[in-house]
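Structure, as C-alpha coordinates:
The values are calculated or read from the model by the stated rules, or taken from the named source; none is laboratory data. Please read these numbers as outputs of a predicted model, since none were measured by experiment. Here Cβ is always computed from backbone atoms with ideal geometry, including for glycine, and neighbour counts include all displayed protein chains.
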Amino acid sequence: MDWDLAQLRAFAAAVDAGSLELAAQRLHLTPSAVSQRLKALERSVGTVLLHRTRPVRATEAGGMVLRLARELELLTRDVAAELGREDEVPVLRIAVNADSLVTWALPALVEVSEVAGIQLVREDQDITADLLRSGDVVGAVTSEASAVQGCTVERLGTMTYRPRAAPAFAARWFPDGLAAAALESAPVVVFDEHDTLQHQVLQRYRAVPRRVHVVPASDGFNEAVRLGLGWGMVPDLQVPGWTEADAVVLGDARDHVDVPLYWQQWALRTPTLDAVASALRRAARTSLVH
(Lines give C-alpha, C1' and ligand atoms only; values in the text may rest on other atoms or scores of the structure.)
Protein backbone atom coordinates (compact mmCIF):
# COMPACT_ATOMS: atom_id res chain seq x y z
CA MET A 1 0.00 0.00 0.00
CA ASP A 2 1.03 3.62 -0.50
CA TRP A 3 1.74 5.62 2.65
CA ASP A 4 1.00 9.31 3.02
CA LEU A 5 3.81 11.03 4.93
CA ALA A 6 1.55 13.86 6.11
CA GLN A 7 -0.90 11.35 7.59
CA LEU A 8 1.91 9.43 9.30
CA ARG A 9 3.34 12.64 10.76
CA ALA A 10 -0.08 13.59 12.13
CA PHE A 11 -0.43 10.13 13.69
CA ALA A 12 3.01 10.24 15.37
CA ALA A 13 2.41 13.80 16.57
CA ALA A 14 -0.92 12.79 18.13
CA VAL A 15 0.70 9.92 20.04
CA ASP A 16 3.60 12.09 21.19
CA ALA A 17 1.45 15.04 22.22
CA GLY A 18 -1.32 12.97 23.77
CA SER A 19 -4.14 14.83 22.05
CA LEU A 20 -5.20 15.99 18.61
CA GLU A 21 -5.29 19.61 19.78
CA LEU A 22 -1.64 19.58 20.92
CA ALA A 23 -0.61 17.68 17.80
CA ALA A 24 -2.26 20.39 15.72
CA GLN A 25 -0.22 23.05 17.51
CA ARG A 26 3.01 21.17 16.83
CA LEU A 27 2.16 20.72 13.16
CA HIS A 28 0.76 24.26 12.73
CA LEU A 29 -2.57 22.81 11.61
CA THR A 30 -6.13 22.95 12.88
CA PRO A 31 -7.40 20.07 15.05
CA SER A 32 -9.91 19.35 12.29
CA ALA A 33 -7.11 18.91 9.75
CA VAL A 34 -5.26 16.52 12.06
CA SER A 35 -8.46 14.55 12.66
CA GLN A 36 -9.11 14.28 8.94
CA ARG A 37 -5.58 12.98 8.30
CA LEU A 38 -5.92 10.40 11.05
CA LYS A 39 -9.28 9.18 9.76
CA ALA A 40 -7.86 8.94 6.23
CA LEU A 41 -4.91 6.91 7.53
CA GLU A 42 -7.21 4.55 9.42
CA ARG A 43 -9.37 4.10 6.32
CA SER A 44 -6.27 3.34 4.28
CA VAL A 45 -4.96 0.79 6.80
CA GLY A 46 -8.42 -0.63 7.43
CA THR A 47 -8.35 -0.61 11.21
CA VAL A 48 -8.45 1.70 14.24
CA LEU A 49 -4.99 3.05 15.08
CA LEU A 50 -5.77 5.31 18.04
CA HIS A 51 -7.63 4.88 21.28
CA ARG A 52 -9.42 8.25 21.59
CA THR A 53 -8.69 8.47 25.30
CA ARG A 54 -6.96 11.17 27.34
CA PRO A 55 -4.15 10.94 26.47
CA VAL A 56 -4.68 9.23 23.12
CA ARG A 57 -2.87 5.91 22.79
CA ALA A 58 -1.88 3.76 19.84
CA THR A 59 -3.74 0.49 19.43
CA GLU A 60 -1.78 -2.73 18.85
CA ALA A 61 -2.02 -2.15 15.10
CA GLY A 62 -1.24 1.50 15.69
CA GLY A 63 2.05 0.53 17.32
CA MET A 64 3.21 -1.06 14.07
CA VAL A 65 2.19 1.98 12.07
CA LEU A 66 3.82 4.28 14.63
CA ARG A 67 7.13 2.49 14.16
CA LEU A 68 6.85 2.93 10.39
CA ALA A 69 6.03 6.61 10.86
CA ARG A 70 9.11 7.15 13.03
CA GLU A 71 11.37 5.21 10.66
CA LEU A 72 10.23 7.22 7.64
CA GLU A 73 10.49 10.48 9.59
CA LEU A 74 14.05 9.66 10.64
CA LEU A 75 15.09 8.61 7.14
CA THR A 76 13.59 11.65 5.42
CA ARG A 77 15.05 14.09 7.95
CA ASP A 78 18.50 12.48 7.75
CA VAL A 79 18.51 12.73 3.95
CA ALA A 80 17.30 16.33 4.11
CA ALA A 81 20.07 17.20 6.58
CA GLU A 82 22.67 15.60 4.28
CA LEU A 83 21.31 17.73 1.44
CA GLY A 84 21.90 20.85 3.51
CA ARG A 85 18.35 21.53 4.67
CA GLU A 86 19.06 23.14 8.04
CA ASP A 87 15.35 23.27 8.89
CA GLU A 88 15.10 19.45 8.73
CA VAL A 89 16.82 18.33 11.94
CA PRO A 90 16.60 14.58 12.69
CA VAL A 91 14.76 13.82 15.94
CA LEU A 92 15.42 10.64 17.92
CA ARG A 93 13.29 9.30 20.77
CA ILE A 94 15.45 7.19 23.07
CA ALA A 95 14.53 5.31 26.25
CA VAL A 96 17.11 5.32 29.05
CA ASN A 97 16.84 4.15 32.65
CA ALA A 98 17.16 6.90 35.26
CA ASP A 99 20.46 5.75 36.79
CA SER A 100 22.19 5.58 33.41
CA LEU A 101 20.72 8.93 32.44
CA VAL A 102 22.24 10.83 35.37
CA THR A 103 25.61 9.08 35.25
CA TRP A 104 27.08 8.03 31.90
CA ALA A 105 24.39 8.29 29.18
CA LEU A 106 23.51 11.99 29.27
CA PRO A 107 27.12 13.21 28.86
CA ALA A 108 27.44 10.87 25.87
CA LEU A 109 24.42 12.38 24.15
CA VAL A 110 25.95 15.85 24.35
CA GLU A 111 28.27 14.70 21.56
CA VAL A 112 25.37 14.33 19.13
CA SER A 113 23.24 17.25 20.31
CA GLU A 114 24.35 19.44 17.40
CA VAL A 115 23.26 16.99 14.71
CA ALA A 116 19.96 15.77 16.12
CA GLY A 117 17.14 16.60 18.47
CA ILE A 118 17.10 14.08 21.32
CA GLN A 119 13.81 13.22 23.03
CA LEU A 120 14.62 11.18 26.11
CA VAL A 121 12.07 8.84 27.65
CA ARG A 122 13.03 7.87 31.20
CA GLU A 123 11.94 4.37 32.07
CA ASP A 124 13.13 1.40 34.08
CA GLN A 125 15.72 -0.73 32.29
CA ASP A 126 13.49 -3.79 32.64
CA ILE A 127 10.71 -2.28 30.53
CA THR A 128 12.46 0.08 28.09
CA ALA A 129 12.41 -2.74 25.51
CA ASP A 130 8.60 -2.56 25.56
CA LEU A 131 8.86 0.96 24.16
CA LEU A 132 10.81 -0.44 21.21
CA ARG A 133 8.11 -3.04 20.61
CA SER A 134 5.39 -0.41 20.63
CA GLY A 135 7.30 1.82 18.21
CA ASP A 136 7.49 4.62 20.75
CA VAL A 137 11.30 4.90 20.64
CA VAL A 138 14.01 4.11 18.09
CA GLY A 139 16.57 2.92 20.63
CA ALA A 140 16.77 1.93 24.27
CA VAL A 141 19.22 1.18 27.05
CA THR A 142 17.69 -1.99 28.42
CA SER A 143 18.38 -5.04 30.56
CA GLU A 144 16.83 -7.29 27.91
CA ALA A 145 19.51 -9.35 26.17
CA SER A 146 17.26 -10.87 23.47
CA ALA A 147 16.78 -8.61 20.48
CA VAL A 148 13.32 -7.17 20.06
CA GLN A 149 11.89 -8.14 16.68
CA GLY A 150 13.31 -5.85 14.03
CA CYS A 151 16.07 -4.57 16.32
CA THR A 152 19.77 -5.15 16.85
CA VAL A 153 21.30 -5.62 20.31
CA GLU A 154 24.77 -5.23 21.80
CA ARG A 155 26.10 -5.53 25.33
CA LEU A 156 27.13 -2.23 26.93
CA GLY A 157 28.34 -3.38 30.34
CA THR A 158 27.11 -3.78 33.89
CA MET A 159 25.96 -1.41 36.62
CA THR A 160 26.61 -2.68 40.14
CA TYR A 161 24.17 -1.84 42.94
CA ARG A 162 24.84 -2.31 46.66
CA PRO A 163 22.53 -1.95 49.67
CA ARG A 164 23.45 1.31 51.36
CA ALA A 165 22.18 3.27 54.34
CA ALA A 166 23.06 6.34 56.39
CA PRO A 167 25.45 5.45 59.25
CA ALA A 168 22.94 6.29 62.00
CA PHE A 169 20.21 4.36 60.15
CA ALA A 170 22.47 1.33 59.79
CA ALA A 171 23.45 1.44 63.47
CA ARG A 172 19.80 1.56 64.52
CA TRP A 173 18.24 -0.99 62.20
CA PHE A 174 21.15 -3.25 61.26
CA PRO A 175 23.46 -3.46 64.32
CA ASP A 176 24.20 -7.10 63.46
CA GLY A 177 24.19 -6.71 59.67
CA LEU A 178 21.57 -7.83 57.19
CA ALA A 179 19.11 -10.35 58.54
CA ALA A 180 15.51 -11.24 57.81
CA ALA A 181 14.09 -9.71 61.00
CA ALA A 182 16.00 -6.46 60.51
CA LEU A 183 14.96 -6.20 56.85
CA GLU A 184 11.33 -6.67 57.79
CA SER A 185 11.48 -3.90 60.40
CA ALA A 186 13.69 -1.37 58.62
CA PRO A 187 12.13 1.10 56.14
CA VAL A 188 13.22 0.60 52.55
CA VAL A 189 13.35 3.11 49.68
CA VAL A 190 12.29 2.11 46.15
CA PHE A 191 12.37 4.14 42.97
CA ASP A 192 8.91 3.19 41.65
CA GLU A 193 6.64 0.20 41.14
CA HIS A 194 9.00 -1.22 38.51
CA ASP A 195 12.06 -1.11 40.78
CA THR A 196 12.87 -4.67 41.85
CA LEU A 197 16.46 -4.20 43.01
CA GLN A 198 15.63 -3.95 46.71
CA HIS A 199 13.28 -6.92 46.41
CA GLN A 200 16.09 -9.09 45.06
CA VAL A 201 17.93 -8.62 48.36
CA LEU A 202 14.74 -9.04 50.36
CA GLN A 203 13.93 -12.28 48.58
CA ARG A 204 17.41 -13.57 49.32
CA TYR A 205 16.65 -13.19 53.03
CA ARG A 206 12.97 -14.13 52.62
CA ALA A 207 11.92 -10.85 54.20
CA VAL A 208 8.88 -8.65 53.59
CA PRO A 209 9.35 -5.01 54.72
CA ARG A 210 6.63 -3.31 56.72
CA ARG A 211 7.40 0.20 55.43
CA VAL A 212 8.25 1.11 51.83
CA HIS A 213 9.03 4.68 50.73
CA VAL A 214 8.71 5.51 47.02
CA VAL A 215 11.06 8.22 45.69
CA PRO A 216 10.76 8.34 41.87
CA ALA A 217 13.82 10.47 41.10
CA SER A 218 17.36 9.17 40.78
CA ASP A 219 19.11 11.96 42.68
CA GLY A 220 16.23 12.18 45.14
CA PHE A 221 16.42 8.43 45.75
CA ASN A 222 20.11 8.64 46.63
CA GLU A 223 19.53 11.66 48.85
CA ALA A 224 16.70 9.84 50.64
CA VAL A 225 19.11 6.99 51.45
CA ARG A 226 21.83 9.39 52.53
CA LEU A 227 19.43 11.28 54.81
CA GLY A 228 18.19 8.11 56.47
CA LEU A 229 14.70 7.76 55.03
CA GLY A 230 15.46 4.09 54.48
CA TRP A 231 18.00 1.72 53.00
CA GLY A 232 18.20 1.24 49.25
CA MET A 233 20.18 -0.19 46.37
CA VAL A 234 22.47 2.61 45.17
CA PRO A 235 24.67 2.11 42.09
CA ASP A 236 28.42 2.44 42.52
CA LEU A 237 28.48 4.99 39.67
CA GLN A 238 26.30 7.43 41.59
CA VAL A 239 28.31 7.66 44.80
CA PRO A 240 31.92 8.37 43.77
CA GLY A 241 32.12 11.29 46.20
CA TRP A 242 30.40 9.62 49.12
CA THR A 243 32.30 8.68 52.26
CA GLU A 244 31.30 6.48 55.19
CA ALA A 245 29.88 9.63 56.77
CA ASP A 246 27.29 9.71 53.95
CA ALA A 247 26.39 6.04 53.72
CA VAL A 248 27.73 2.61 54.51
CA VAL A 249 27.39 -0.60 52.53
CA LEU A 250 25.19 -3.18 54.20
CA GLY A 251 25.74 -6.91 53.98
CA ASP A 252 28.60 -8.67 52.22
CA ALA A 253 29.71 -9.52 48.70
CA ARG A 254 26.63 -11.71 48.16
CA ASP A 255 24.27 -8.78 48.57
CA HIS A 256 25.25 -6.68 45.57
CA VAL A 257 23.15 -6.83 42.38
CA ASP A 258 24.71 -6.62 38.92
CA VAL A 259 22.44 -5.22 36.20
CA PRO A 260 23.67 -5.97 32.66
CA LEU A 261 22.77 -3.24 30.19
CA TYR A 262 22.29 -3.53 26.44
CA TRP A 263 21.74 -1.08 23.62
CA GLN A 264 18.88 -2.06 21.34
CA GLN A 265 17.89 -0.05 18.30
CA TRP A 266 15.82 -0.52 15.21
CA ALA A 267 17.66 -2.42 12.48
CA LEU A 268 17.84 0.82 10.57
CA ARG A 269 21.09 2.45 9.48
CA THR A 270 21.11 6.24 9.35
CA PRO A 271 24.02 8.60 10.11
CA THR A 272 22.21 10.10 13.09
CA LEU A 273 21.22 6.81 14.70
CA ASP A 274 24.72 5.43 14.12
CA ALA A 275 26.22 8.52 15.78
CA VAL A 276 24.01 8.08 18.86
CA ALA A 277 24.87 4.39 19.14
CA SER A 278 28.60 5.14 18.83
CA ALA A 279 28.47 7.85 21.50
CA LEU A 280 26.67 5.57 23.96
CA ARG A 281 29.03 2.72 23.18
CA ARG A 282 32.11 4.84 23.93
CA ALA A 283 30.65 6.18 27.17
CA ALA A 284 29.64 2.71 28.36
CA ARG A 285 33.13 1.40 27.61
CA THR A 286 34.67 3.87 30.06
CA SER A 287 31.93 3.94 32.71
CA LEU A 288 30.37 0.50 33.04
CA VAL A 289 31.87 -2.73 34.37
CA HIS A 290 32.98 -5.20 31.70
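Worth pointing out:
- Looking across region 45-61, the residues that are part of a helix (DSSP H, G or I) and surrounded by 14 or more Cβ atoms within 10 Å (Cβ to Cβ) come down to Val45, Ala61.
- Subset of region 17-44 (residues that are farther than 19 Å from Gly62 by Cα, among the polar types (S, T, N, Q) and part of a helix (DSSP H, G or I)): Gln25, Ser32
The rows are residues; the columns are (1) under 26 Å from the mean Cα position of the chain (by Cα); (2) at pLDDT 90 or above; (3) under 22 Å from Leu92 (Cα atoms).
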site: Asp2; (1), (2), (3): no, no, no
site: Leu20; (1), (2), (3): yes, yes, yes
site: Ser35; (1), (2), (3): no, yes, no
site: Arg52; (1), (2), (3): yes, no, no
site: Leu68; (1), (2), (3): yes, no, yes
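- Filter result for Leu202 (at pLDDT 95 or above, closer than 30 Å to Ala105 by Cβ and part of a loop (DSSP other than H, G, I, E, B)): no
- Here Asp236 does not fit the description of being under 28 Å from Arg206 (Cα atoms) and more than 24 Å from the chain's Cα centre (by Cα).
- Against the conditions (1) farther than 30 Å from Thr47 by Cα; (2) modelled with pLDDT of 90 or more, Ile94 satisfies every one except (1).
- Scanning region 218-229 for residues that are within 20 Å of Gln200 (Cα to Cα) and assigned to a loop (DSSP other than H, G, I, E, B) turns up just one, Leu229.
- Checking each residue in region 164-199 for being part of a loop (DSSP other than H, G, I, E, B), buried (at least 19 other Cβ atoms within 10 Å of the Cβ) and touching a Pro at 6+ places or on another chain (Cβ under 8 Å) picks out Leu178, Ala186, Phe191.
- Within region 230-285, considering residues that are without any contact (Cβ under 8 Å) to a residue 40 or more places away in the chain and in a helix (DSSP H, G or I), the one nearest to Asp195 (Cα to Cα): Ala253
- Residue list for region 111-161, filter: without any contact (Cβ under 8 Å) to a residue 12 or more places away in the chain and in a loop (DSSP other than H, G, I, E, B): Ser113, Glu114, Ser146
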